[in-house]
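Have a look at the structure below, then the notes.
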Amino acid sequence: PPLPQVVPGADPASRQLCFEWGPAEVLVCETLFGRGPALTGSDAAGSGEGKPGSSCVFVVRRDQDIYIQTLRKLFNESHGIFVGLQRCEGLAGRARRAQLVQVSKNYRSVIRACMEDMHQAAVSARDPALHSQYSTQVSILSAMELIWNLCEILFVEAAAAGPLLLRLLDWVRLHVCDVDNMVREVLSSENPSKHKLFWDVVDVFVLQGRMDEARHLLSKEASANPTSMTMYRILDDLMKKMPVPNLGNTQTLTEMELKWQHWHEECQRYLQDGTFASNSHMESICKILLGDENAILEKKELMTTWYHFLVTRLLYSHPTVKPMELRFYAQSSMDMFLGEEGSPEPLDTILMAAFEFELHQVIKECSIALSNWWFVAHLTDLLDHCKLLQSHNLYFGSNMREFLLLEYASGLFSHHSLWQLGVDYFDHCPEFGRVYLELHIERIPLNTEQKALKVLRICEQRQMHEQVRSICKIMAMKALRNNRLGSALSWSIRAKDAAFATLISDRFLKDYCERGCFSDLDLIDNLGPSMLLSDRLTFLGKYREFHRLYGEKRFSEAAKLLLMLMTAHIAPCSFWMTLLTDALPLLEQKEVIFSAEQTYELMRCLEDLTAGKSEKQEFQNDDVETMKVEMLRLALARNLARVIVKEGTLEGS
Amino acid sequence: AMEEVCARFVSQKISKARWRPLPAAALQPPDLFATGSWDNEDNRLSVWSVGDAGNGGLGGEYQGEPQLLCDIRHNGDVMDMQFLDQERIVVASSTGTVTVFRHHQNNQTLSASHRWEKAHYHVDRDASCGGAACTGVVCNNPEIVTVGEDGRINLFRADQKDAVRTIDNADSSTLHAVTFLRTTEILTVNSIGQLKIWDFRQQRNEPSQIFSLTGDRVPLHCVDRHPNQQHIVATGGQDGMLSIWDIRQGTMPVSLLNAHEAEMWEVHFHPSNPDHLFTCSEDGSLWHWDTSTDISDKPSFLHQGGRSTTYFSHSTINQSVVSAWLSNDPTKDRMEITNLIPNQTLSVNTLDILGPCLVYGTDAEAIYVNRQLFA
């Protein structure tokens, strides 16, 4: 929300600020750009260079409330409600409405719980700055709940004439709690009717339509003051008889209006014949019952807000007000209450917009007034589920619901810990959610494998192949840097990243050539089907199998495999020399292992290799290499001699 | 029984929750547990009390809601933790450090009483960022065994400065969890689907036995051993599969049971009632596996896998009592499984059970306590 923010520590008087957009925040730093000469001129030190620019970079967040620790409860708990709301479809009509009202109530109870926590924090805060910070939060949360509750009555529940007034009364009673202390003080005093605030409390009850409580209190006055008994009885009777709209369908609006008319006329009669003339308090109560605006306005201090005045006024003059008539009474109530000098504050404007059924205005004003996206995002989503925002498309992005959810979820993703909540919000933004998620998820720092696995799970569930590859690659690179070849290979196998698997296989083979033994045998021996991911990996697995067969003295199987690695071109050419050298001990065994045919093939491999080499690198052949080739040739020739004899003997016998 | 569950939002993602062990002769249920957080700028180890149900409501608190007794900052994510005894908690950190914290019950404070810096590390231990996450810790007072992303196994003694034994490069992949099999033997699971037994009596730095999953080498994340029948081992995998192993025979699991849809983070046999087993997962569910009832008429969730039926037959002598966990006849022995979390959203990272009490913690920053598990 576009609240002006002060960048702490920055001094726009002496330097300019420059900025760079981030996904959910803005980076701001100080710069001398464009002011260089003027500044150096006035620099008292006269260094000629001016003061070095501040090296600070400020991070300005778009959603500051995300970082308030106490609100994390709000974010987490409401996330559950949000997800639940997206899942529950299928009901219709009355049941659906009841369900939506319940969801709305759940959201409000989370706000209230959070408010209580914040209040506790404020009470126990010793630092005055902290205390005032918490107190501010309490009043913001309280305002959020007030607005939400009104929206719930008007839009979600869409209360009809009659019940509408009862709901509004509940709303006022719930939120105007400034007078609660006063009520408590009077009620707990030894002799309430002698208390100086006695009549104020009676008035509060009357203004809020709490008739039973008002009558109970009045009875104390009557018993203490027998002279006014008659007057009291009449007032008590009027208050008892006052017709109220009821929630069931047992009476029609017309019946109610008729009853109300009768009662109103009766009150009028008593007032006119001066029944209450001797007691100004009772007379003023009677005037209030008659809906006398001036009499009600006299109690301004007790109502504290214009919307309390509005509801009291409706109670005693238009109890069957229809939703669409609210706007007229609301506007005039605000004007009358605030008077000429008073000007409406943001909260007043928001509530007014709600009374006017200007839904988009409500959301817009809330976006401006509140320092978080949580409120508008969740409220808009709920209203959207009530099918109230269907027709409204923005000229940018998709629709308002999605726009606000994207903003909120982006804020969550900028938080080091709350990012997980953001995923579900993006999931329920059909148009741009996926793209946002893709962009944000890649920026999550992966400090442990466990966290990487969690991020990976999110991506895999949504078939985000590109991100899966990228995460696995990052993890594989990290493992490689830490010399954890086994882990690195596991990660590239998970990403099915053939190129990287080849790279790691080469590292394994290089290690083998240098050290003469394999590292990480537990992994290589257990490659299973993943061996087929890359040719080099296949070779690595097969080559290791050769060593195992050799170790187990299964020579002829080993020999067959070794030859196959070359003839089937599974082994890279660079590795042929090693393979041929590996053949040496097999050629030197007492019993003949390679058949004549196999020996010829080995010879051809050797000649292919040396021929290929001599063309390219004739002068690079070092002595060791030449000696190896000579030894191999000798061994192959001897083997051939032995095998010819052996095979000839076998045939002859 | 969901009404018995008390929840509390704690404004930090919970990675571990552990009940404080009960004194040997205790009859009352556990009343105190510890939690660790992860992925916070400022991670914490916290100790909570669940109070006495009879005295609930004192001071206006909600009955049974866990109350914070004390907490302390912890450097790095809490990867694993376990009570060493009634007062000391061993905590594994993503920085590779293993710390023993002491809970002072007289004044409700926590302090670090011993620390093995970078018990797990990559390449260079002295480099500023050379630590490797310590992923698992298991205690058998005074012995402490830790495993990590570096594939290393450490054996510490609570009162000794240096490791008693270290097996470098014990595993080429990441070791995810560890538990004791017997006093000198441990079990580890790794990221290529292997279960290994290590015997500290042997000087060789090699496992004494290797078991592994067939087919795709699905990483294993957690392991627990049957409290009475030590040859029965349960592990949980990346695909959410519960594997039951009989380490006396074969190299493959006896059965594979499927309930979770994502990583299974923890598996625990009930310590005193091991016909019951509990698992939790990244998919936000917590399953209660119950083999104690014979419910032949109910539909079964059990599906066989992992090996052929001929492979395992209970014909061996001295096997008059065959554990329900190893039985492989799905028509005869059924398992009743229940998800204890109906509206799951974010991951359930941890759970612990002791007596009739269950505690679990989630990425939705909440801890839940159920004190009447079998009610």
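Any read-out appearing in this document is the output of simple, stated calculations on the displayed coordinates, not a laboratory observation. Predicted, not measured: the structure shown is a model, and the values here were computed from it. Because the Cβ atoms are built from the backbone with ideal geometry, glycine has one as well, and the counts that use them run over all protein chains shown.
At-a-glance table
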{"read-out": "Alpha-carbon centroid distance for the pair the stretch A:168-222 / the stretch A:513-581, whole angstrom", "value": "91"}
{"read-out": "Principal axis dimensions, largest first and in whole angstrom, of the stretch A:251-326 by Cα", "value": "39, 31, 15"}
{"read-out": "The stretch A:171-321 shape via C-alpha gyration tensor axes, a/c threshold 1.5", "value": "oblate"}
{"read-out": "Count, lysine Cα pairs under 22 Å in the stretch A:446-552, 8 or more residues apart or across chains", "value": "12"}
{"read-out": "Cα pair distances in chain B, grouped into 20 Å bins until the bin that holds the longest one, percent each", "value": "29, 59, 12, 0"}
{"read-out": "Filter on A:K240/A:K299; A:K105/A:K259; A:K73/A:K387 - keep pairs with C-alpha separation over 31 Å", "value": "A:K105/A:K259"}
{"read-out": "Tensor-based shape of the stretch B:182-236 (alpha-carbon gyration tensor, a/c under 1.5 rounded, otherwise prolate or oblate)", "value": "oblate"}
{"read-out": "Phi to ³J(HN,Hα) by Karplus 6.51 cos²θ - 1.76 cosθ + 1.60 over the stretch B:7-14, Hz, x for Gly, Pro", "value": "10, 8, 7, 10, 6, 7, 6, 8"}
{"read-out": "Of B:S323, B:S173, B:S15, the one that fluctuates the most in a GNM where chain B has Cα springs shorter than 10 Å", "value": "B:S323"}
{"read-out": "Net charge of neighbours whose Cβ lies under 15 Å from the Cβ of A:L584, counting Lys and Arg as +1 and Asp and Glu as -1", "value": "+1"}
{"read-out": "Mean shadow area of the stretch A:253-376, taken as a quarter of the surface of its Cα convex hull (nm²)", "value": "9.6"}
{"read-out": "Cα Rg, Dmax, the protein assembly as shown, angstrom units", "value": "38.2, 146"}
{"read-out": "Shape call, the stretch B:97-142: gyration tensor on alpha carbons, a/c limit 1.5", "value": "prolate"}
{"read-out": "On Cα atoms only, tilt of A:359-369 relative to the major axis of chain A in degrees", "value": "80"}
{"read-out": "Integer Hz, Karplus 6.51/-1.76/1.60 couplings in order for the stretch B:164-172, x for Gly and Pro", "value": "6, 8, 10, 10, 6, 6, 4, 9, 7"}
{"read-out": "Value of D in µm² per second that Stokes-Einstein yields for the stretch A:446-552, Kirkwood Rh from Cα pairs, at 25 °C (0.890 mPa s)", "value": "171"}
{"read-out": "Cα long-axis angle, helix A:163-175 against chain A (0 to 90 degrees, to the nearest 10)", "value": "80"}
{"read-out": "10 Å beta-carbon shell around A:A113, net charge (K/R +1, D/E -1)", "value": "0"}
{"read-out": "Dipole magnitude of the protein assembly as shown about its Cα centre (Cβ charges: Lys, Arg +1; Asp, Glu -1), debye to nearest 20", "value": "1580"}
{"read-out": "Between helix A:253-272 and chain A: long-axis angle, C-alpha atoms, 0 to 90°, nearest 10", "value": "40"}
{"read-out": "Charge-dipole axis of the stretch A:446-552 as Lys and Arg at +1 and Asp and Glu at -1 on Cβ define it, positive-most pick from A:T538, A:G528, A:Q450", "value": "A:Q450"}
{"read-out": "Environment charge of B:L187, counting only residues whose C-beta is closer than 14 Å and scoring Lys/Arg +1, Asp/Glu -1", "value": "-1"}
{"read-out": "Nonlocal amide H pairs with B:N190, under 5 Å, H built at 1.01 Å", "value": "B:H176, B:L220"}
{"read-out": "Ranked list, fewest to most other Cβ atoms within 10 Å of each Cβ, for B:T135, B:T338", "value": "B:T338, B:T135"}
{"read-out": "Table column - 3J(HN,Hα) (Hz), the stretch A:221-227, Karplus curve with 6.51, -1.76, 1.60, x for Gly and Pro", "value": "5, 4, 5, 7, 9, x, 5"}
{"read-out": "Listed residue (A:W419, A:W576, A:V156) projecting farthest to the positive dipole end of chain A, Cβ model", "value": "A:W576"}
